[in-house]
1. Using a Gaussian network model of the chain with C-alpha springs under 10 Å, which one of Ala108, Ala176, Ala235 is most mobile by mean-square fluctuation?
2. I'd like the FRET efficiency for Ala7 and Arg173, computed as 1/(1 + (r/R0)^6) with the beta carbon distance as r and R0 of 22 Å, rounded to 0.05.
3. By counting other Cβ atoms within 10 Å of each Cβ, how are Val97, Val170, Val192 ranked from fewest to most?
4. Taking 0.36 nm per residue of separation and subtracting the Cα-Cα distance, what length does fully extending Glu256 through Asp243 add?
5. Which semi-axis lengths, in whole Å and largest first, follow from the square roots of five times the eigenvalues of the Cα gyration tensor of segment 127-187?
6. Hey, how many Å between the Cα centroid of segment 87-161 and the Cα centroid of segment 172-243?
7. Provide Asp168, Asp156 in ascending order of the number of other Cβ atoms located within 10 Å of each residue's Cβ, fewest first.
8. What value, in deg cm²/dmol to 500, does the helix sum -39500 (n - 2.57) over DSSP H runs of n ≥ 4 give at 222 nm once divided by the residues of the chain?
Amino acid sequence: MEQYLNAPVKEVITKFPKVGKILEEYEIGCVPCNVGSCLLKDVVEIHNLADEEEKEMMARISRVIYPGQEVEIPRTERQGKVRSKELTYSPPMKRLVDEHVLIKKWIALIPQVLEIFDVHSEDDRKIIIEGVNFIRSYADRLHHGKEEDILFKYFDETSDIFKTMLDDHVEGRSHAKATLEALEKRDRQGVVDHLMAYRALLTEHIKKEDEILFPWMDRSLSVKQVGELFSKFNAADDRADQDGIERCEKFVLEIEKKFRKEESK
Ligand SMILES: [Fe+2]
Ligand SMILES: [Fe+2]
């Protein structure tokens, strides 16, 4: 079993497709992930299943790999700290999760904005420009900036999980750029396609961070590192363009108000 725990999960799934189905049942979405070179043992560790759940899942996996044999299943090693199903965060991680809330508010509004979007209306084009400004200034510079320049530095950034997260950030930037290019050409469909793709990308990305990555990071960091993170985040927020952040927050609240009013008409 040890041999498969130390093998890239995609290899295990390719050899034993049933393992992919079992992982999915435990909400471990390795089948759709296009990287897949994370090791099976790391995948199990990072998802922090309850003891009983992990035992049951590993027993099912071992029955697929070694049918009819009794195999000893080593328990995956974890970084200390209490395991809990409930999502709780340290103060610096909570700050990032709170920033996600505002980002999620904007991306939830994107379909409504696009539904009535007239590429030839200057007011409508302004909304798209402000929306992309939010993506660049708030979601990317302020928020992804803290993740990339501070938080991820505490971990092995060359590992697949971080490569996946960084690739998502890069892809988000390219959708923001392509949205403005399409807008410039008055290409309505291009604006719709890129903003909707951004929405789908960030929705999944934030879910992965909130539910898996950040809780795992919190379990892995020492108390001293959490304290350090907190002061580094404070310093980054102090250096940020306060007026720019305020403009982004106002943009989301105004769009939200506008569409709430239209819904009640
Ligand atoms: Fe991120
Ligand atoms: Fe994030």
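1. Result: Ala235 has the largest fluctuation of those listed.
2. Working: r = 33 Å, r/R0 = 1.52.
It comes to 0.10.
3. On the way: Val97 15, Val170 9, Val192 19.
Ranking Val97, Val170, Val192 by Cβ neighbours within 10 Å, fewest first, gives Val170, Val97, Val192.
4. Numbers: separation 13, 0.36 × 13 = 4.68 nm, distance 1.99 nm.
Extending this stretch completely gives an extra 2.7 nm.
5. Values: eigenvalues 149, 34, 6 Å².
Working through the eigenvalues yields semi-axes of 27, 13, 5 Å.
6. Here the answer is 4 Å between Cα centres.
7. On the way: Asp168 18, Asp156 9.
So the residues, fewest neighbours to most, are Asp156, Asp168.
8. On the way: 13 runs with 177 residues, N = 265.
Mean residue ellipticity, 222 nm, calculated: -21500 deg cm²/dmol.
No value in this document is a laboratory result; all are computed from the given coordinates. No experiment lies behind these values; they were computed from the predicted model shown. With ideal geometry, Cβ positions are generated from the backbone for all residues, glycine too; neighbour counts draw on all protein chains shown.
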